[in-house]
Amino acid sequence: MIRVLLADDEQLIRSALEALLNLEPDLEVVASTDNSTDAVTLARETSPDVCLLDLEMPPADGLEAATQILATVPTRIVIVTRHARPGVLRRALAGRVSGFVPKSTPAEEIASVIRHVTSGKRYVDPEIAASALAAERCPLTDRELDVLRHSRTHASVQQIAENLHLAPGTVRNYLSVAMGKLGSHSRHDAAEKAWESGWI
């Protein structure tokens, strides 16, 4: 049996997917939750073969949860998303995610993807892959992306500096450069543009 952890904050989708996956003769949903914090805890408790994670669920996104899970659990991660932004795919693959599929994917196809990644392979939805290849490359450095990611939470410059172990002046410099590269009038506008492009 392939043991699956399921995490999605939309109860109807999560319940339906859990029921359909449990109908498969070789799949078993061993845990399910509606948030990323519990997903990490449950993954450590149950050691599933595959974690099926919604990209956008509270309090951190599916990629943050995936990073925490993969740090301690030998499992495979499949990200499911309603908003398949190309930059997110690049972040997912860089973070050792094994699969990336849209929420519109039928349950039987998701079951096939689970089997595929369990065998050690990767799967990326073809349309998402094509969009990623056509998308512009990110002009921002990793540190610029870090400060913009924290700006999306409306943290102050002082809070961002403390979180990233940087001086407030350094944070302001990174924000200023990022705003210039993106042609933004504020750090929040720059953060939103970076998010919409899938870079953070």
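The values are calculated or read from the model by the stated rules, or taken from the named source; none is laboratory data. This is a predicted model, so every value here is computed, not measured. A quick note on method: Cβ atoms are made from the backbone with ideal geometry, for glycine too, and the neighbour counts reach across all protein chains shown.
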*Enumerate the pairs (first residue in the stretch 42-64 and over 18 Å from PRO102 (Cα atoms); second residue anywhere and of a type in the set (Gly, Ala, Ser) and crowded, with 22+ Cβ neighbours inside 10 Å) with beta-carbon separation below 6 Å, excluding pairs fewer than 6 apart on the same chain, so at least 6 apart or on different chains.*
ALA60/SER36
_It is to be established whether one or more residues within the stretch 4-17 are modelled with pLDDT under 95, closer than 30 Å to THR141 by Cα and among the polar types (S, T, N, Q)._
no
*Considering the stretch 128-173 alone, what residues qualify as being among the acidic types (Asp, Glu) and either touching a His at 6+ places or on another chain (Cβ under 8 Å) or more than 20 Å from ARG96 (Cα to Cα) (or both)?*
GLU136, GLU144, GLU162
*Hits in the stretch 92-110 (condition: in a helix (DSSP H, G or I) and crowded, with 20+ Cβ neighbours inside 10 Å)*: ALA92, ILE110
